[in-house]
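The values are calculated or read from the model by the stated rules, or taken from the named source; none is laboratory data. All values reported here derive from a predicted model rather than from experimental measurement. Every residue, glycine among them, receives a Cβ derived from its backbone with ideal geometry; neighbour counts consider all protein chains shown.
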């Protein structure tokens, strides 16, 4: 078994890096979707959701940086072009959406996909004894599961 600089199995880390790059693409798209929702929301819910989306996109930007740095720490190279993100995302790109209910529904779907990807990374990272990546993903899921609850309550679901 060849180890990387931080003492983890290099081959297992390559698989983690591949999944983290997919997650990085998802977060870049999620960030941009949230910016668009923040700018374009209209009507009922504006005063509630406009600042919430700013909070969400700031958090997404922090996660983008953290994921990219984790990829580097594991010995990989983070994807960094918009084409990379578009080619590798599991999220939809939303355009011209302004209705609060539709936006909340779209964000719920995106967060659900992010949680699924993060859970997959937890399993992969656990198998590689990569507790740091596991910890990062658990932290994301803790926050994201609360978002699911809160947006669901907003939608009366």
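I'd like to know if the stretch 48-63 contains one or more residues that are modelled with pLDDT under 95 and not in a helix (DSSP H, G or I). No, the stretch 48-63 contains no residue that is modelled with pLDDT under 95 and not in a helix (DSSP H, G or I). Using the structure shown, decide if residue 6 is over 12 Å from the mean Cα position of the chain (by Cα) and outside any helix (DSSP H, G or I). Yes. Could you tell me which residue of the stretch 131-151 is nearest to residue 55 (Cα to Cα), considering only residues that are touching a helix residue (DSSP H, G or I) at 6+ places or on another chain (Cβ under 6 Å) and in contact (Cβ under 8 Å) with a residue 60 or more places away in the chain? Within the stretch 131-151, the match that is nearest to residue 55 (Cα to Cα) is 147.
Considering only residues that are surrounded by 13 or more Cβ atoms within 10 Å (Cβ to Cβ) and either in a loop (DSSP other than H, G, I, E, B) or in contact with a strand residue (DSSP E or B) (Cβ under 6 Å, 6 or more places away or on another chain) (or both), which ones fall in the stretch 87-104? It would help to see each step written out before you state the result.
Of the residues in the stretch 87-104, the ones surrounded by 13 or more Cβ atoms within 10 Å (Cβ to Cβ) are 88-91, 94, 97-104.
Residues satisfying the conditions are 89, 90, 91, 94, 97, 98.
The residue list 55, 28, 83 contains one member that is touching a residue at least 60 places away in the same chain (Cβ under 8 Å) and over 22 Å from residue 134 (Cβ atoms), which is 28.
Among the candidates 72, 107, 122, the residue that is under 30 Å from residue 7 (Cα atoms), under 14 Å from the mean Cα position of the chain (by Cα) and assigned to a helix (DSSP H, G or I) is uniquely 122.
When the stretch 125-137 is limited to residues that are in a helix (DSSP H, G or I) and surrounded by fewer than 16 Cβ atoms within 10 Å (Cβ to Cβ), the one that is farthest from the chain's Cα centre (by Cα) turns out to be 127.
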